[in-house]
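The values are calculated or read from the model by the stated rules, or taken from the named source; none is laboratory data. Just so it is clear, the structure is predicted and the values come from calculations on it, not from any experiment. Cβ: placed from backbone, ideal geometry, glycine included. Neighbour counts: every protein chain shown.
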Amino acid sequence: MSHADHVITAIDCFPVLLRLRKPLVMSTYRIDDGPVLFVRIRTRGGHEGWGEAAASPVMSGETLTGMAAAIKEFIAPKLLGQSALDRARLSKTMRATVFANGGAFAALDIALLDLAGKIQQVSVATLLGGALRPAIQVLRLIGGSGDTSKDVAEAVELYQQGFRAFKLKVAVAPVALEIATVQQLRQALGPEALISADANMGWDHSTVLKFSEGVSECSVAFIEQPLPAGDVARLANVARLSKVPVGIDESLHGLSDIFAHTQAQATHGVSLKSIKLGGLTPLVSTAIVADSIGLSVNLAMMMETGVATAAMVHAAAAIPQINWGLSLGTVWIAENPVTEPDCRDGMVYVSDKPGLGVEVDVKLLESLRPRGA
């Protein structure tokens, strides 16, 4: 195939609204559906690559309309006519074209990786440096109901399906009740299961410490984002006094945030999302830095389909360590227009097929467009 066949000839945007199995209830907001932007990049030689990113005003400050506009009006004109294999230069070009827009960058970065992998007949994990592990432990989100018996029953059912890592949504009920939930989870799941908690910025200083004291005998792996984003000084005090390791999510949008929290001794680990960091390529670089300074790593997603999920699986395989697990977005959606990665016995497996290794049902995808989009 000649160089001319690698030239990008079309970049198409597909805004969709995913139906969820159930709402995701968090301390500071609630998600009832999944707004997601798909991007398809095509070349003169007939290859196509797919990318996907959630629209999340809380996480990245973006909407579906804004993401699509950033790509169609500003970024796409700079990429058309360029070689799809020139990813480093294309990445630099698009990031110099508009400010922020991490979700839009993420969708394009994933699509370029998928496209390059298909052209070169290698997996995305190979393009990211090579797979260090064939499978990754799935971290299942549970809870949010405020009902201990319901949350424990949900976890037990998942445990029976083979899952061994869980993240409980907290700060949605009185802290005493959530302490009791963690205690009962540990009793029900046994000593080997990974149990963590995610407050989504919903607690104050004293509540975090009360929770950490109450679950101190439960071997909780970490508490994620207990305080509002940007409150580094108070988070540092919490991290110093807490009997459970503290991680950041909403506070993290780039390496500078990691350095600021590490310098202040305000975190023990990080939750990395492609939409906050602008794609898989910067996510992998960020994970390498986090590991090098001794932080634990979790990879996480919003409500996304098999494209973004496959992308995160490839990234999870390529980074140095992922001891806080991988949260999958596909478990929340009712309809997936994309073939899903192989997930069984609590593990998700890395595809060795070219690119992401998934197929998109374009007809079903089109049916999920919001009205007027």
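As an exercise: evaluate L113 against (1) in a helix (DSSP H, G or I); (2) in the same structural domain as V284 (by TED's automatic domain parsing); (3) not charged (D, E, K, R) and give the number of the one condition it does not meet.
The number of the failed condition is (2).
Name every residue in segment 206-236 that is within 22 Å of the chain's Cα centre (by Cα) and either among the charged types (D, E, K, R) or within 18 Å of R140 (Cα to Cα) (or both), in order of residue number. Show your work before the answer.
Of all residues in segment 206-236, those within 22 Å of the chain's Cα centre (by Cα) come to 220-230.
Across segment 206-236, the qualifying residues are V220, A221, F222, I223, E224, Q225.
Of everything in segment 323-359 that's aliphatic (A, V, I, L, M) and either surrounded by fewer than 21 Cβ atoms within 10 Å (Cβ to Cβ) or assigned to a loop (DSSP other than H, G, I, E, B) (or both), which residue is modelled with the lowest pLDDT?
Step one: filter segment 323-359 for residues aliphatic (A, V, I, L, M), giving 326, 328, 331, 333-334, 338, 347-348, 350, 356, 358.
Okay, now just the ones that are also either surrounded by fewer than 21 Cβ atoms within 10 Å (Cβ to Cβ) or assigned to a loop (DSSP other than H, G, I, E, B) (or both), so 328, 331, 334, 347, 350, 356, 358.
Values: L328: 95, V331: 89, A334: 92, M347: 97, V350: 97, L356: 98, V358: 97.
Within segment 323-359, the match that is modelled with the lowest pLDDT is V331.
Restricting to segment 139-162, give me the number of residues that are buried (at least 24 other Cβ atoms within 10 Å of the Cβ) and farther than 22 Å from D32 by Cα.
Residues meeting the conditions: 0.
Please find, within segment 194-218, the residue that is nearest to S256 (Cα to Cα) out of those that are out of contact with any strand residue (DSSP E or B) (no Cβ under 7 Å at 6 or more places or on another chain), among the hydroxyl-bearing types (S, T, Y) and touching a residue at least 24 places away in the same chain (Cβ under 8 Å).
T207
Would a scan of segment 61-68 turn up a residue that is small (G, A, S), surrounded by 20 or more Cβ atoms within 10 Å (Cβ to Cβ) and under 21 Å from L283 (Cβ atoms)?
No: zero hits.
Is it true that L365 is over 17 Å from the mean Cα position of the chain (by Cα), surrounded by 16 or more Cβ atoms within 10 Å (Cβ to Cβ) and not acidic (D, E)?
Details: over 17 Å from the mean Cα position of the chain (by Cα): yes; surrounded by 16 or more Cβ atoms within 10 Å (Cβ to Cβ): yes; not acidic (D, E): yes.
Yes; evaluated as a whole, the condition is true for this residue.
I'd like to check which strands (runs of 3 or more DSSP E) are fully inside segment 129-193 and have at least 2 residues that are of a type in the set (D, E, K, R) and in contact with a strand residue (DSSP E or B) (Cβ under 9 Å, 6 or more places away or on another chain).
165-169
Which residues, counting only those in segment 263-287, are β-branched (V, I, T) and farther than 17 Å from G230 by Cα?
Restricting attention to segment 263-287, the residues satisfying the condition of being β-branched (V, I, T) are 267, 270, 275, 281, 284, 286.
Residues satisfying the conditions are I275, T281, V284, T286.
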